[in-house]
1. In the stretch 51-65, what count of residues is obtained for those that are farther than 20 Å from Thr80 by Cα and without any contact (Cβ under 8 Å) to a residue 24 or more places away in the chain?
2. So for the stretch 76-88 (the condition being over 15 Å from Ala16 (Cβ atoms) and touching a residue at least 60 places away in the same chain (Cβ under 8 Å)), does at least one residue qualify?
3. Return yes when Leu71 is hydrophobic (A, V, I, L, M, F, W, C) and free of Cβ contacts under 8 Å to residues at least 40 places away in the same chain and no when it is not.
4. Could you pull out every one of the helices (runs of 4 or more DSSP H) wholly within the stretch 5-112 that has 1 or more residues that are at pLDDT 85 or above, surrounded by 15 or more Cβ atoms within 10 Å (Cβ to Cβ) and of a type outside the set (Gly, Ala, Ser)?
Amino acid sequence: MEKQPQTDVERVACLAYYLTHYRDTPHFKTLDLGKLNTEAAQPKFSNSTYASNNALKMGYLAPATKGQRQLSAAGEQFVTALPDRDAARSAMAKARPRRHARKKIAGGADDS
């Protein structure tokens, strides 16, 4: 509650942080996140698998062995910075690699 997550993805990251640091469970399944969410008396996820997959795509979680997940370093910095939204956003912005757009080559293979 003190972290004040606003989205399901942020809540997944906070639950993963709790599992990692307070339950000594660095690797977990989506089902573990759902059980912890119920134990914390939080609103039920509409689709916990979808929220977990989105957290993985956004960089809060990272894949682990045997289909499990783990909290990523960026996710840990994000949760640590909460509830300060600006600091949390900047932590994620620093952690994400910058992707450069590919340059289009003038004249392609169809110009023959």
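The values are calculated or read from the model by the stated rules, or taken from the named source; none is laboratory data. Just so it is clear, the model here is predicted, and its values are computed rather than measured. For neighbour counting, all protein chains shown are included, and Cβ atoms are generated from backbone atoms with ideal geometry for every residue, glycine included.
1. Final tally of qualifying residues: 2.
2. Yes - at least one qualifying residue is present in the stretch 76-88.
3. No.
4. Filter on the stretch 5-112 gives 8-22, 30-39, 48-58, 73-81.
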